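What follows is a short report on a single structure.
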Amino acid sequence: MVVRTWPGPSATTRRPGGCRCRRPSTGGTSAAVIAGDLALAAAPRFIEASGVTGDRRSRLLDLFDDAVFASAAGEMADVDLALGVMPTVEEVLQMERAKTSVYSFEAPLQSGAVLAGAPEPVVASLGAFGREIGIAYQIVDDLLGVFGNEGSTGKTAIGDLREGKRTMLIAYAATTDCWPDLAPYLGDPDLTEERAAGLRGLLVECGARDAALDHIREHTALARAELAALPDELGARLEGLVTELVERVR
């Protein structure tokens, strides 16, 4: 496969510090989106370059297509849920499965199995495992986005609250008596650390945090149930992945 490169702006046209645009963050975001588009466009070429032929090639291309469409649908659902009425917990979980599980876990695991010539029952079990562990992973990520230690995660624990991100935590909280005390402050870009601490307390009080932990345990158990259908060595490796993913939150 030929990798193409293009010359960037000459050094004389760049401003000190990098981006020539007035808002470097806008330039960085745009560059990231374009880089993702290029990577997506190149992916089928990697399948072609792998040398896989016949049914395995067709299966890989189908998995790739399904992952692209599911991810796009998940991203669109994320936008829709943010703009409309408060979604249900189930709607959030369906969105997170499409947005995260498919391209991060399901498709990669199944593609590897197809490349290895695994029988279809193993491919199916890996897909089911990826779906469940992907959902658990996203709920863990949402919990860390509110309750995480910034020094450990490298992610701010106030950003999701300031954004008013509609996670499983928030969808659950919206069904409780604590909601009137929570709602006015979610999505406030000027939310203070003190007020955020109060919101975290309400999310614990209303049972949202415990509900999220219950869902993590449920989807993790469903994922682990699929490991019994896999070869022992593969199952052991994936069990290690499960532990690594879900033990990020205590």
Just one listed residue, out of THR167, THR156, is at pLDDT below 90 and on the phi < 0 side of the Ramachandran plot, and it is THR156
How many residues of segment 222-243 are surrounded by fewer than 16 Cβ atoms within 10 Å (Cβ to Cβ) and of a type in the set (Val, Ile, Thr)? The answer is 1
ASP160 meets each of (1) without any contact (Cβ under 8 Å) to a residue 60 or more places away in the chain; (2) not in a helix (DSSP H, G or I) with one exception, condition (2)
Conditions (1) free of Cβ contacts under 8 Å to residues at least 40 places away in the same chain; (2) in a helix (DSSP H, G or I); (3) aliphatic (A, V, I, L, M) -> LEU191 fails only (2)
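Check whether at least one residue in segment 205-214 is at pLDDT below 95, surrounded by fewer than 15 Cβ atoms within 10 Å (Cβ to Cβ) and outside any loop (DSSP other than H, G, I, E, B), and report yes or no. Please lay out each step first, then the result.
First, the residues of segment 205-214 that are at pLDDT below 95: none.
No, every residue in segment 205-214 fails to be at pLDDT below 95, surrounded by fewer than 15 Cβ atoms within 10 Å (Cβ to Cβ) and outside any loop (DSSP other than H, G, I, E, B).
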When every residue in segment 124-145 that is over 16 Å from the mean Cα position of the chain (by Cα) and touching a residue at least 24 places away in the same chain (Cβ under 8 Å) is compared, the one surrounded by the fewest Cβ atoms within 10 Å (Cβ to Cβ) is ALA128
Go through the residues of segment 230-250 one by one and say whether even a single one is in contact with a helix residue (DSSP H, G or I) (Cβ under 6 Å, 6 or more places away or on another chain), of a type in the set (Ser, Thr, Tyr) and not in a loop (DSSP other than H, G, I, E, B). no
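Yes or no, residue by residue, for (1) under 26 Å from ALA221 (Cα atoms); (2) of a type outside the set (Asp, Glu):
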{"site": "GLU132", "(1), (2)": "yes, no"}
{"site": "ILE135", "(1), (2)": "yes, yes"}
{"site": "LEU143", "(1), (2)": "yes, yes"}
{"site": "PHE147", "(1), (2)": "yes, yes"}
{"site": "GLY151", "(1), (2)": "no, yes"}
{"site": "ALA157", "(1), (2)": "no, yes"}
{"site": "ARG162", "(1), (2)": "no, yes"}
{"site": "THR167", "(1), (2)": "yes, yes"}
{"site": "ILE170", "(1), (2)": "yes, yes"}
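With the structure loaded, tell me whether SER152 is of a type in the set (Ser, Thr, Tyr), more than 15 Å from the chain's Cα centre (by Cα) and part of a helix (DSSP H, G or I) or whether it fails that test.
yes
Table: residues versus (1) under 21 Å from the mean Cα position of the chain (by Cα); (2) aromatic (Phe, Trp, Tyr).
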position	(1), (2)
TRP179	no, yes
LEU186	no, no
GLU205	no, no
ARG217	yes, no
ALA223	yes, no
ASP232	no, no
LEU238	yes, no
LEU241	yes, no
**Prompt:** Are any of the residues in segment 119-131 modelled with pLDDT under 90 and among the hydroxyl-bearing types (Ser, Thr, Tyr)?
**Reply:** no
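Yes/no matrix, rows are residues, columns are (1) within 22 Å of GLN138 (Cα to Cα); (2) loosely packed, with under 13 Cβ neighbours inside 10 Å; (3) modelled with pLDDT under 90:
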{"residue": "GLY8", "(1), (2), (3)": "no, yes, yes"}
{"residue": "ALA11", "(1), (2), (3)": "no, yes, yes"}
{"residue": "GLY17", "(1), (2), (3)": "no, yes, yes"}
{"residue": "ARG20", "(1), (2), (3)": "no, yes, yes"}
{"residue": "VAL79", "(1), (2), (3)": "yes, yes, yes"}
{"residue": "ALA82", "(1), (2), (3)": "yes, no, yes"}
{"residue": "GLU91", "(1), (2), (3)": "yes, no, no"}
{"residue": "GLN94", "(1), (2), (3)": "yes, no, no"}
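Provide a single number: the residues in segment 163-188 that are part of a helix (DSSP H, G or I) and either more than 19 Å from VAL92 (Cβ to Cβ) or charged (D, E, K, R) (or both). Show your work before the answer.
Applying the first criterion (part of a helix (DSSP H, G or I)) to segment 163-188 yields 163, 168-173, 179-185.
Now restrict to residues that are either more than 19 Å from VAL92 (Cβ to Cβ) or charged (D, E, K, R) (or both): 163, 180-181, 184-185.
Adding up the residues that qualify gives 5.
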Is it fair to say ARG195 is over 22 Å from the mean Cα position of the chain (by Cα) and over 24 Å from ALA221 (Cβ atoms)? yes
Expected output for segment 174-188 (first residue within 14 Å of ALA208 (Cα to Cα) and surrounded by 15 or more Cβ atoms within 10 Å (Cβ to Cβ), partner modelled with pLDDT under 95 and of a type in the set (A, V, I, L, M), Cβ below 6 Å, 6+ apart or cross-chain) is ALA174/MET86
For segment 223-246, pairs from a residue that is among the basic types (Lys, Arg) to a residue that is in a loop (DSSP other than H, G, I, E, B), with Cβ under 8 Å and 6 or more apart or across chains, are none
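The values are calculated or read from the model by the stated rules, or taken from the named source; none is laboratory data. These numbers were taken from a predicted model, which means no experiment stands behind them. Glycine also receives a Cβ, built like all others from the backbone with ideal geometry; neighbour counts cover every protein chain displayed.
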